[in-house]
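Here is the structure we will look at, set down as structure tokens.
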Amino acid sequence: MKKISSICIIDDDPITVFGIQHQILHAEASRSLLVHYNGKDALESFKYSLSQSLPIPQIILLDINMPIMDGWQFLEAFLELPVKQNIDIYILTSSISEEDKRKSEQFKKRSPHRLEYLIKPFNQKQLLAIVQHAAVKSS
């Protein structure tokens, strides 16, 4: 499998983060792996990267329910950033709420980036499909 340059996990649950990290490392899917435990830290990191003309990760795996800045607040602020590359954003949530699904569809319509809604738990097959899509897109 072709590696992509970077993946970012934004999730406050250390067990979820550990599991996803393990899957990414086991699949050797990415040259770089970033982890942020809330949306605010991720947003600040991305703002800094943009100010230094550095790329944003190709894939963002985003939890909805987090302290400090949740996934929805992160998305709202992220869409305001001058990101020129097309990012694949995957909302990974344990929520089966129809309201959350509707909200993700509203963001999807507004976003220039690919936005998908996935229910946890996240498995190796899904990860490989996500990475493969990003790798093909960047070729």
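The values are calculated or read from the model by the stated rules, or taken from the named source; none is laboratory data. Fair warning: this is a prediction, and the values are worked out from it, not measured in the lab. Backbone-built Cβ (ideal geometry, glycine too); neighbour counts: all protein chains shown.
Brief remarks follow.
- Answer residue from the range 21-74, given it is in contact with a helix residue (DSSP H, G or I) (Cβ under 9 Å, 6 or more places away or on another chain) and polar (S, T, N, Q) and is surrounded by the most Cβ atoms within 10 Å (Cβ to Cβ) among those: Gln58
Here is a yes/no grid of residues against (1) among the basic types (Lys, Arg); (2) farther than 16 Å from Ile91 by Cα:
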{"position": "Ile10", "(1), (2)": "no, no"}
{"position": "His22", "(1), (2)": "no, yes"}
{"position": "Arg31", "(1), (2)": "yes, yes"}
{"position": "Ile56", "(1), (2)": "no, yes"}
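- Evaluation of Ile96 against (1) assigned to a helix (DSSP H, G or I); (2) of a type in the set (A, V, I, L, M, F, W, C); (3) free of Cβ contacts under 8 Å to residues at least 24 places away in the same chain (one fails), failing number: (1)
- Residues of the range 95-113 that are in contact with a strand residue (DSSP E or B) (Cβ under 8 Å, 6 or more places away or on another chain) and under 15 Å from Phe74 (Cα atoms): Asp100, Ser104, Phe107, Lys108, Ser111, His113.
- Odd one out for Ala77, checked against (1) under 16 Å from Ile130 (Cβ atoms); (2) surrounded by fewer than 21 Cβ atoms within 10 Å (Cβ to Cβ); (3) not acidic (Asp, Glu): (1)
- Within the range 6-20, the residues that satisfy the criterion of being free of Cβ contacts under 8 Å to residues at least 60 places away in the same chain and surrounded by fewer than 20 Cβ atoms within 10 Å (Cβ to Cβ) are Ser6, Asp12, Asp13, Pro14, Ile15, Val17, Phe18.
- Each residue in the range 99-127 was checked for being farther than 18 Å from Thr16 by Cβ and either at pLDDT below 90 or aliphatic (A, V, I, L, M) (or both), and 1 pass.
- Residue within the range 128-135 that is part of a helix (DSSP H, G or I), under 18 Å from Gly19 (Cβ atoms) and more than 13 Å from the chain's Cα centre (by Cα) present: yes
- For the range 1-59, filtered to residues that are assigned to a strand (DSSP E or B) and farther than 23 Å from Pro82 by Cα, the residue that is modelled with the lowest pLDDT is Ser30.
Per-residue answers, yes or no, for (1) in contact with a Gly (Cβ under 8 Å, 6 or more places away or on another chain); (2) of a type in the set (Phe, Trp, Tyr); (3) under 21 Å from Lys120 (Cα atoms):
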position	(1), (2), (3)
Glu44	no, no, no
Lys47	no, no, no
Leu62	yes, no, yes
Met66	yes, no, yes
Ile87	no, no, yes
Thr93	yes, no, yes
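- Residues in the range 2-42 that are of a type in the set (Asp, Glu) and under 18 Å from Lys125 (Cα atoms): 1 in all.
- Unmet criterion (only one of (1) more than 12 Å from the chain's Cα centre (by Cα); (2) of a type in the set (Gly, Ala, Ser); (3) over 22 Å from His133 (Cβ atoms); (4) surrounded by 18 or more Cβ atoms within 10 Å (Cβ to Cβ)) for Ser94: (4)
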